[in-house]
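Read the structure below first, then the notes.
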Amino acid sequence: MFQFAPLPAIETMADDSYCDVLAVVAQCDEPLTYTNKAGKEVTKRVMHLADKSGKSIEATVFGSGATDDRLQAHADVVLAIKGAKVGSWNTKSLTLWGDTHFEPNPDTAEAHDLMGWWRHTGCSMQRAHISVSGGGGGASRDSPRILFSDIEERAMGMNGTPEYFSVNCFITHIRTDQRTLWYIACPNCKKKVQGASEDMLDGHCEKCNAPTTGTRRWIFTGQCNDPSGSRYVSFFDDTAVRLLGGRTADEMAPTKESDSSRFDAHFLKHSFQRVVMKCQVKSDTYNDEQRIKVSCQNFEPLNPVAEGRRLLAEIASMGA
Ligand SMILES: [Zn+2]
């Protein structure tokens with residue numbers, strides 16, 4: 001037995017609640033298969049659903065439903081969904097897990113009526129995407145607050161375009177035995193200087209097509225932990241200098257040679273910072289293997305008052 005909710009009603013539903021939906025598949029991506037952190041292959045498929053309200057909502061199908069042949073782009077499919085999970089992922093969205101029941105083109109008067117509307121009016125209509133009411137507890141729309149485990153669960157960064165998020169975490173460990181902690185950069189364009197070495201920073205910049213004297217720029221990964229687990233995050237020069245208390249790679253490079261324990265101690269001293277970090281996540285291919293790379297765009301020390309307010313707003317929105 002379905003109890004369909006019109007799409008605009010979802011706008012005010014609390015995250016993690018469930019609803020039944022009868023809607024047209026207005027847009028449908030190809031299924032995407034990826035390997036999650038547990039080494040398991042997962043398939044997901046993103047759709048946009050629309051109904052007569054003129055609103056649309058993103059719905060993601062996980063599991064075997066994602067490869068259901070009856071879900072096709074431009075195929076004019078009406079879906080009856082039982083128990084889709086409501087969430088606010090950037091905007092309000094629905095998730096259909098592997099055990100969520102959905103029925104393409106159910107033979108009911110309501111479904112035929114909806115398809116009739118879609119063919120005559122709906123398909124050419126300008127649709128408004130359902131948004132998070134009340135601003136989602138202060139989460140910035142372009143970088144939603146997540147846990148590290150969400151990266152795998154939501155297959156973030158896998159569709160070719162970088163995605164952004166923020167996370168409340170500890171930067172726990174920066175390995176100083178990494179092959180490189182910095183590179184020698186053109187001061188003008190920041191590209192790697194060709195022919196430069198630790199003994200001789202002079203070389204040639206291919207981009208500027210000119211001889212130049214390079215400066216060292218930090219580039220390293222740090223282990224970051226949040227309650228869901230840990231993640232290696234890349235830090236580039238701007239964030240790395242701040243992370244290391246204002247010390248540049250040029251300043252610290254001689255210490256690594258002359259007194260490596262002092263060098264290591266400086267990194268250790270700046271570990272275990274609790275921060276709210278804005279990150280970019282994207283995939284790249286290395287030796288035919290697809291990898292997810294997370295890099296730090298910016299970070300701020302955790303502000304307990306602001307964080308407390310954010311949590312209160314989130315709790316309040318759960319009861320809405
Ligand atoms: Zn250059």
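The values are calculated or read from the model by the stated rules, or taken from the named source; none is laboratory data. Bear in mind the structure is a predicted one, so any value in this text is a computation, not a measurement. Cβ atoms come from the backbone with ideal geometry, glycine included; neighbour counts cover every protein chain shown. When the accessible area is computed, the model is the full protein with side chains, heavy atoms only, and any ligands, DNA or RNA have been set aside. Shrake-Rupley method; radii C 1.70, N 1.55, O 1.52, S 1.80 Å.
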Scoring only Lys, Arg, Asp and Glu (+1, +1, -1, -1) among other residues with Cβ under 10 Å from the Cβ of Lys256 yields -3
Counting only other residues whose beta carbon sits under 10 Å from that of Tyr183, what net charge do I get with K and R as +1, D and E as -1?
+4
Taking a ≥ b ≥ c as the square roots of the eigenvalues of the Cα gyration tensor of the stretch 149-318, is the shape rounded (a/c under 1.5), prolate (a/b larger than b/c) or oblate?
prolate
In degrees between 0 and 90, to the nearest 10, how far off the longest principal axis of the chain does helix 260-269 point, with axes built from Cα atoms?
40
So, in Å, what gap is there between the alpha-carbon centers of the stretch 255-320 and the stretch 185-223?
26
Who wins for biggest fluctuation among Gly157, Gly83, Gly214 in a Gaussian network model of the chain, springs between alpha carbons below 10 Å?
Gly214
The stretch 7-131: relative contact order in percent, alpha carbon pairs under 8 Å with at least 6 residues between
31
Could you tell me how many degrees, from 0 to 90 and to the nearest 10, lie between the Cα long axis of helix 109-120 and the main elongation axis, the longest principal axis, of the Cα atoms of the chain?
60
Mind checking the per residue accessible area of the chain for me, 1.4 Å probe, whole number of Å²?
53
Angle between the chain longest axis and helix 304-318 axis [Cα atoms, degrees, rounded to 10]:
10
Once the other residues with Cβ under 14 Å from the Cβ of Gly98 are scored (Lys, Arg +1; Asp, Glu -1), what is the net sum?
+1
